[in-house]
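Participant: Pasting a structure here, questions to come.
The values are calculated or read from the model by the stated rules, or taken from the named source; none is laboratory data. Here the structure is a predicted model, which is why all the values come from computation and not from measurement. Counting neighbours? That spans all protein chains shown, and the Cβs are built from the backbone with ideal geometry, glycine included. These accessible areas exclude ligands, DNA and RNA; they are computed on the full protein's heavy atoms, side chains included. Shrake-Rupley method; radii C 1.70, N 1.55, O 1.52, S 1.80 Å.
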Amino acid sequence: MKHPITEAIRIQTERTNQMEHSAPLFLTSSFCFDNAEEMRAAFADESDDNIYSRFSNPNVQEFTDKMVALEGAEAGYATASGMSAVFASFMTFLKKGDHLLVCNSIFGSTQTVIKKYLPNYGIGYTYVSADKPEEWEAAVKPNTKMIYLETPTNPGLALVDLAFVNTIAKKYNLLLNVDNCFATPVCQRPIDFGADLVIHSATKWLDGQGRVLGGVVVGKKELINDIYLFCRSTGPALSPFNAWILSKSLETLDVRMERHASNALKIAETLQEHPAIATLRYPFLPSHPQHHIAIKQMKNGGGIVCFDLKGGLESGRKFLDRLQMLSLTANLGDTRSIASHPASTTHAKLTEEERLATGITPGLIRISAGLEHVDDILNDIVQALG
Ligand SMILES: *Cc1c(COP(=O)(O)O)cnc(C)c1O
């Protein structure tokens, strides 16, 4: 077994008879068989032959195999977006009468799925705090089936101790389902700490260039087989083109993340004493309240830095208006640095109380550190701070 980052470069699922070096694109909705027996065997799951691109496709398989290698998983299934991966993991394993334990600061659309749609299917939930581990065990109910969390959280960069949560999951026989989007597998591997399922929005750092949507679930073989059967019937398949893009992206994930993280660290170190900033958070700064967890489970602090402006909402808006280079956009995890102000944009629909409960103060700014020269990123941020 080679190193995971080598696998992410070298895995090649399929070649044509041209023996091309770079993976070809298999833009086809279905695959042919030579005879009735081959076709029967494929439909009977007696061969690995591709049948139809909603079930499998060589480009999708290549991306999936690389993610399986990177996360140290047994199997995976790639989906059209991060949200379809999240939804598939819920619908495959939760049924009427089940209960879900959720970390309070999670991605907005995931919150919507949990609060607005899961109750329609008779699935209950309880939110617990990322930074209050004592709440987790007390919230387990007899019908709890799954623990769902993100670490670091979005946008507040709170951390959840994966080894600790895993002890609760194992004690009560719960599925531990981790959205590893913010860290990426080159920085943090939840399966090494006991996670059963790991989810990604490939749209973010995995692509890293802001081009395509995609998602993936990886984990134990028998669990992924259930995910596969759900997705094969319900249809959130990743397109071969997006998979081809994403598979190429994984070849550079490790080197890209190293630079994203070193740029983020430099930004965090430089800005932490800035007079316009009340507090600043970055997992690999000793001032982060959960720094001890960061160094235990992460290889670096990742590419996101967040800080709270002293002037609140108005300062947040002014900061965005003064930026000259950083992009104002809803995405994160791009070669181009991005600034966002959650209170007036992505989280504006929540009440002030709901925002504060997930760590979103009025002046909170989230920076996704790009790959530009760090001095240029810093110069823009500093001039915008006024
Ligand atoms: C963006 C994101 C998602 C959703 O992914 P899409 O690809 O946009 O569907 C899920 N979780 C986290 C943490 C995200 O940042």
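Participant: Can you say whether LEU118 is away from the ligand (no atom under 15 Å from the Cβ), buried (at least 18 other Cβ atoms within 10 Å of the Cβ) and assigned to a strand (DSSP E or B), as far as the supplied structure shows?
Facilitator: On the way: away from the ligand (no atom under 15 Å from the Cβ): yes; buried (at least 18 other Cβ atoms within 10 Å of the Cβ): yes; assigned to a strand (DSSP E or B): no.
Against the criterion (away from the ligand (no atom under 15 Å from the Cβ), buried (at least 18 other Cβ atoms within 10 Å of the Cβ) and assigned to a strand (DSSP E or B)), LEU118 does not qualify.
Participant: While we're on this one: Where residues in the stretch 191-215 are more than 7 Å from the ligand (Cβ to nearest atom) and among the charged types (D, E, K, R), which of them is farthest from PRO236 (Cα to Cα)?
Facilitator: Residue satisfying both the conditions and the ranking: ASP192.
Participant: In addition: Among the residues of the stretch 170-182, which ones are over 13 Å from ILE147 (Cα atoms) and either more than 11 Å from the ligand (Cβ to nearest atom) or in contact with a Gly (Cβ under 7 Å, 6 or more places away or on another chain) (or both)?
Facilitator: CYS181, PHE182
Participant: Kindly indicate whether LEU175 is of a type in the set (A, V, I, L, M) and open to solvent by less than 10 Å² (accessible area, probe 1.4 Å).
Facilitator: no
Participant: Which one of the conditions (1) surrounded by fewer than 14 Cβ atoms within 10 Å (Cβ to Cβ); (2) of a type in the set (Phe, Trp, Tyr); (3) closer than 16 Å to GLY219 by Cα does TYR77 fail to meet, given that it meets all the rest?
Facilitator: The number of the failed condition is (1).
Participant: So, one more: Give the stretch 136-171 a look and list any residue that's acidic (Asp, Glu) and either surrounded by fewer than 16 Cβ atoms within 10 Å (Cβ to Cβ) or outside the structural domain of PHE193 (by TED's automatic domain parsing) (or both), or say none.
Facilitator: GLU137 - this is the single residue of the stretch 136-171 that is acidic (Asp, Glu) and either surrounded by fewer than 16 Cβ atoms within 10 Å (Cβ to Cβ) or outside the structural domain of PHE193 (by TED's automatic domain parsing) (or both).
Participant: Being within 23 Å of GLY208 (Cα to Cα) and in a helix (DSSP H, G or I), is that true of even one residue in the stretch 161-173? Working first, answer last.
Facilitator: Within the stretch 161-173, the first condition is being within 23 Å of GLY208 (Cα to Cα), and the residues that meet it are none.
No, the stretch 161-173 contains no residue that is within 23 Å of GLY208 (Cα to Cα) and in a helix (DSSP H, G or I).
Participant: Conditions: (1) within 16 Å of the ligand (Cβ to nearest atom); (2) part of a helix (DSSP H, G or I). ALA69 meets all but one. Number of the miss?
Facilitator: (1)
Participant: Which pairs turn up if I take residues in the stretch 170-193 that are free of Cβ contacts under 8 Å to residues at least 60 places away in the same chain and look for partners that are among the aromatic types (Phe, Trp, Tyr) and away from the ligand (no atom under 12 Å from the Cβ) with beta carbon separation below 9 Å, at least 6 apart in sequence or on another chain?
Facilitator: If the second residue must be among the aromatic types (Phe, Trp, Tyr) and away from the ligand (no atom under 12 Å from the Cβ), the pairs left are LEU176/PHE193; VAL178/PHE193.
Participant: Follow-up question, since we're still on this one. Within the stretch 74-114, count every residue that is more than 18 Å from LEU149 (Cα to Cα), away from the ligand (no atom under 16 Å from the Cβ) and touching a residue at least 60 places away in the same chain (Cβ under 8 Å).
Facilitator: The qualifying residues number 2.
Participant: OK, next. Taking the criterion of being away from the ligand (no atom under 13 Å from the Cβ), part of a loop (DSSP other than H, G, I, E, B) and of a type in the set (D, E, K, R), would at least one residue in the stretch 183-190 satisfy it?
Facilitator: yes
Participant: Same structure again: Does any residue of the stretch 67-74 turn out to be open to solvent by 40 Å² or more (accessible area, probe 1.4 Å) and not charged (D, E, K, R)? Talk me through it step by step, then tell me what you get.
Facilitator: Applying the first criterion (open to solvent by 40 Å² or more (accessible area, probe 1.4 Å)) to the stretch 67-74 yields 74.
Filter once more, keeping what is not charged (D, E, K, R): none.
So far as the stretch 67-74 goes, no, none of its residues is open to solvent by 40 Å² or more (accessible area, probe 1.4 Å) and not charged (D, E, K, R).
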